[in-house]
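The values are calculated or read from the model by the stated rules, or taken from the named source; none is laboratory data. Fair warning: this is a prediction, and the values are worked out from it, not measured in the lab. So basically every Cβ, Gly included, is an ideal-geometry build from the backbone, and we count neighbours across all protein chains shown.
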Amino acid sequence: MAKAPVPGATKTRLRLPPEKAAGLQAALIRDTVAKAGLLGPVTVAGTPPESLHLIETLLPGDVRLIAQSGEELGERMFTAARRLF
């Protein structure tokens, strides 16, 4: 699961400048996907749906990207798992 690296909407609790926080989020997505890819096929469930293009540019071509839906984290986790399985 990944939140799109939208300046001002990600890693806000770190109190970094918005562009730096978005850059950190992008780096974390790249790193996590690279490590997970060593174990097998990877699918990323991303949010918000209108910003998936920001996640898509960070992913290798063999990684599948699906949209999450729901307001609460638990609901987004459930819908992503239901969609995958």
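Values for this structure:
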item: Cβ pairs under 8 Å, 6+ apart, first in region 13-41 and within 22 Å of ARG64 (Cα to Cα), second assigned to a helix (DSSP H, G or I); result: LEU24/LEU14; ALA26/LEU54; ILE29/ILE55
item: Identity of the residue in region 4-40, modelled with pLDDT of 95 or more, in contact with a strand residue (DSSP E or B) (Cβ under 8 Å, 6 or more places away or on another chain) and not aliphatic (A, V, I, L, M), that ends up surrounded by the fewest Cβ atoms within 10 Å (Cβ to Cβ); result: THR32
item: Enumeration of residues in region 18-66 that are of a type in the set (A, V, I, L, M, F, W, C), in a helix (DSSP H, G or I) and farther than 16 Å from LYS3 by Cβ; result: ALA34, ALA36
item: Which numbered condition PRO60 fails, given (1) touching a residue at least 24 places away in the same chain (Cβ under 8 Å); (2) in contact with a strand residue (DSSP E or B) (Cβ under 9 Å, 6 or more places away or on another chain); (3) loosely packed, with under 12 Cβ neighbours inside 10 Å; result: (2)
item: Looking only at region 67-83, and only at residues there that are part of a loop (DSSP other than H, G, I, E, B) and free of Cβ contacts under 8 Å to residues at least 40 places away in the same chain, the one that is surrounded by the most Cβ atoms within 10 Å (Cβ to Cβ); result: SER69
